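Take a look at the structure set out below.
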Amino acid sequence: MIDIHVHFGKFRDIQLNIPDIIENLTKQGINQIGLMPLLNETGSNLNNAHSTLKKYYSIYETQIIPILWIYPKISIQKIERLISEIPYKIIKIHGYLHHWDYENITRIINFTEQKKLPIMFHTGGCENSDAGFYMQICKNFPKQKIILAHGRPIEQTIEILQLCKNVWVDTAFMPTENIKLLIDKDFANKILFGTDYPIMKHFDNSINLDKWYKQNTKEIIETIGNKYFEQLSSNNIAEFLNN
Ligand SMILES: [Zn+2]
């Protein structure tokens, strides 16, 4: 099983280091994680996060799918340098935390398309980071693989999925009924299992992360069945990353 949306590092009151995250999620049956830091508003912690990830990637290479979270002012040269040090598999863009406009995203896509690097867009929070904001991008760059993380709002996400074959969604913080809805709409092959672990603890400090994870998995399996859960958490992600 793969969880495509996991964070390491400090986020306000919570902090988990990479070995702990891997140990905790391995216990949950997860053998690979899409791993990214938590970038701050200026992106000034990217270098540190990259160094930390580099250190642990050499130890946990088979378990980590490294994700490079970039900020609007980053240069392509810098992205290339970071990728030469860690084979990042996905580029992450967070349009709620950072201000990204169409031109700037296009600048990045000119690079990622050529490198065949998928992009994960955070969705939700405001108009400029809702799924609908990325409609033009998804349409105009049909060869660019895109993940709409969280799939928010779900109606806009479904509209994009109907129009764009290059788009996937992840289930991080997605209500279970929306996962079911996507399957009912025939998008089972477009859903990637992800959780945003361990951010849930920031929103509710009383959460026991192990229990939360078990319960979340159980709830999804009870709602969509084992077969679909396996598809979302294994086959889909493997296929997504493969071609
Ligand atoms: Zn996240």
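Pick from region 185-236 the residues that are assigned to a helix (DSSP H, G or I) and among the basic types (K, R): which of them is nearest to the ligand (Cβ to nearest atom)? Even if it seems obvious, please write down each step before you answer.
Step one: list which residues in region 185-236 are assigned to a helix (DSSP H, G or I), which gives 188-190, 200-203, 209-224, 226-236.
Among the residues that remain, those that are also among the basic types (K, R) are: 190, 201, 211, 214, 218, 227.
Values: K190: 19, K201: 13, K211: 20, K214: 20, K218: 22, K227: 27 Å.
Top of the filtered list is K201.
Scan (1) in a loop (DSSP other than H, G, I, E, B); (2) surrounded by fewer than 22 Cβ atoms within 10 Å (Cβ to Cβ); (3) modelled with pLDDT of 95 or more for the single condition G151 breaks and write down its number.
Here G151 clears every test but (2).
Restricting to region 9-50, count the residues that are within 16 Å of the ligand (Cβ to nearest atom), under 21 Å from I74 (Cα atoms), not in a strand (DSSP E or B) and not acidic (D, E).
8
Considering only region 77-93, I want to know if a residue exists there that is without any contact (Cβ under 8 Å) to a residue 24 or more places away in the chain and of a type in the set (S, T, N, Q).
Within region 77-93, one or more residues are without any contact (Cβ under 8 Å) to a residue 24 or more places away in the chain and of a type in the set (S, T, N, Q).
Would you mind finding the one in K180, K201, K190, K214 that is out of contact with any Gly (no Cβ under 9 Å at 6 or more places or on another chain), touching a residue at least 24 places away in the same chain (Cβ under 8 Å) and under 27 Å from K116 (Cβ atoms)?
K190
If you scan region 115-129, which residues turn out to be surrounded by fewer than 20 Cβ atoms within 10 Å (Cβ to Cβ) and in a helix (DSSP H, G or I)?
K115, E127, N128 - these are the residues of region 115-129 that are surrounded by fewer than 20 Cβ atoms within 10 Å (Cβ to Cβ) and in a helix (DSSP H, G or I).
When the residues of region 113-123 are narrowed to those that are in contact with a Phe, Trp or Tyr (Cβ under 9 Å, 6 or more places away or on another chain) and away from the ligand (no atom under 16 Å from the Cβ), which ends up farthest from M36 (Cα to Cα)?
So, considering only residues that are in contact with a Phe, Trp or Tyr (Cβ under 9 Å, 6 or more places away or on another chain) and away from the ligand (no atom under 16 Å from the Cβ), the one farthest from M36 (Cα to Cα) is E113.
Six or more apart or on different chains, Cβ under 6 Å: which pairs go from a residue in region 99-114 that's part of a helix (DSSP H, G or I) to one that's among the polar types (S, T, N, Q)? Could you list them?
Matching pairs, first to second residue: I109/Q144; E113/Q144.
Restricting to region 167-184, count the residues that are aliphatic (A, V, I, L, M) and away from the ligand (no atom under 16 Å from the Cβ).
Going residue by residue through region 167-184, those that are aliphatic (A, V, I, L, M) are 167, 169, 172, 174, 179, 181-183.
Restricting the remaining residues to those that are away from the ligand (no atom under 16 Å from the Cβ) gives 167, 179, 181-183.
Selection size over region 167-184: 5.
If a residue must be in contact with a Leu (Cβ under 9 Å, 6 or more places away or on another chain) and either more than 25 Å from P66 (Cα to Cα) or within 15 Å of the ligand (Cβ to nearest atom) (or both), how many such residues does region 132-148 contain?
Total satisfying the criteria: 4.
Restricting attention to region 1-39, report how many residues are within 23 Å of Y96 (Cα to Cα) and free of Cβ contacts under 8 Å to residues at least 24 places away in the same chain.
Qualifying residue count, region 1-39: 1.
The values are calculated or read from the model by the stated rules, or taken from the named source; none is laboratory data. Bear in mind the structure is a predicted one, so any value in this text is a computation, not a measurement. Note: ideal-geometry Cβ built from the backbone for every residue, glycine included; neighbour counts use all protein chains shown.
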